[in-house]
Amino acid sequence: MKIDRDAPVGVFDSGIGGLTVAREIMRNLPAEKIVYFGDTARVPYGSKSRETIIGYSRQIIRFLKEQKVKAIVVACNTASAFALEAVQEEFDIPILGVIEAGAKVAAQVTRNKRVGIIGTEGTVGSGIHAEVLKKIDPEITVIGKPCPLFVPLVEEGWTHDPVTVEVASRYLRELQEKDIDTLILGCTHYPLLRSRIIRYFGEKVHIVNPAYETAMDLKAVLEEKGLLNDSEKTGEYSFYVSDAAEKFTEFAGSILPYDVAATRQINIEEY
């Protein structure tokens, strides 16, 4: 199967969090076209079972393949933790997750080898970050902390609300007491709370944003396969969701470096 280097890259997430990954691809691989799918009807993924997440991911990948994408980024930590291996074996297209990229950087920058990971219940409970980090450096201690309220707070647009400040300090206090020097934002929604998290920890803790690292990984994979778009033109972007298209468009416009004109709603259950 010949893939055209001018074909788009597929990016998907359980909702809007994956837009932080799309934003880094837009900034760092400006010629790439993107087809984004947000599963807004079935968000959040963090509390769902492995089987359910694998089923959802298969449906979304089938939809993205219909859009003739050349590679897919699973811009969701829970889906990366539970479904990535299964779908990589099933589909004949490069599929990347967001976990390894962040783990590699965390292993490089930690000095006291105590790395914190915040994410959904599903991601933290899977132990996937600890597994990947220990493969890189067996001496690293990983301290996980689920922060389930962060996703709905971000989706509500309350990134600077006093409620979010209070919730963040309750969640992060535990990690501060465990003397971490590096923290992985283990959910693609969390970069939108990055300034709040940095303010809480100050200079003492290195915050790893896997969204940027994932864009760099994508670039390396596309280069290696001869699929990197080397056009002078800026890529085109299209957005699809399974529900609440208007709300998504509004939110996407507020965090992406350009105005999102429209988002199409599709019935993902058909795939």
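General observations
- Dipole axis of the chain (+1 Lys, Arg; -1 Asp, Glu on Cβ), positive-most option in 241, 142, 256: 142
- Accessible area per residue in Å² at 1.4 Å probe, computed on the chain: 45
- Residue among 165, 37, 226 farthest towards the positive dipole end of the chain, charges placed on Cβ: 165
- Neighbour net charge for residue 86 - beta-carbon separation under 11 angstrom, K R +1, D E -1: -2
- Apportionment of accessible area to carbon and sulfur, segment 75-195, percent (1.4 Å): 49
- The antiparallel fraction among DSSP beta bridges confined to segment 113-271 stands at about 0%.
- Between segment 202-271 and segment 97-128, the alpha-carbon center distance in angstrom: 21
- Summed residue charge, Cβ within 13 Å of residue 194's Cβ, Lys/Arg positive, Asp/Glu negative: +2
- With the highest mean first, a sort of the peptides 124-130, 259-265 on other beta-carbon atoms found within 10 angstrom per residue produces 124-130, 259-265.
- Segment 54-83 versus segment 131-174: alpha-carbon centroid distance in Å: 24
- Environment charge at residue 112 (Cβ cut-off 15 Å; Lys +1, Arg +1, Asp -1, Glu -1): -1
- Per-selection Rg to Rh, segment 130-178 - Cα, Kirkwood hydrodynamic radius: 1.13
- Of all aspartates and glutamates in the structure, the ones whose alpha carbon falls short of 17 Å from that of residue 70, not counting any fewer than 8 places away in one chain, are 4, 6, 32, 89, 90, 92, 217, 223, 224, 230, 236.
- The magnitude of the dipole of the chain, with charges of +1 and -1 set on the Cβ of Lys/Arg and Asp/Glu and taken from the Cα centre, is near 460 debye.
The values are calculated or read from the model by the stated rules, or taken from the named source; none is laboratory data. What you see is a predicted model, and the numbers here were worked out from it, not measured in a lab. With ideal geometry, Cβ positions are generated from the backbone for all residues, glycine too; neighbour counts draw on all protein chains shown. Ligands, DNA and RNA are excluded from the accessible area calculation, which covers all protein heavy atoms including side chains. Shrake-Rupley method; radii C 1.70, N 1.55, O 1.52, S 1.80 Å.
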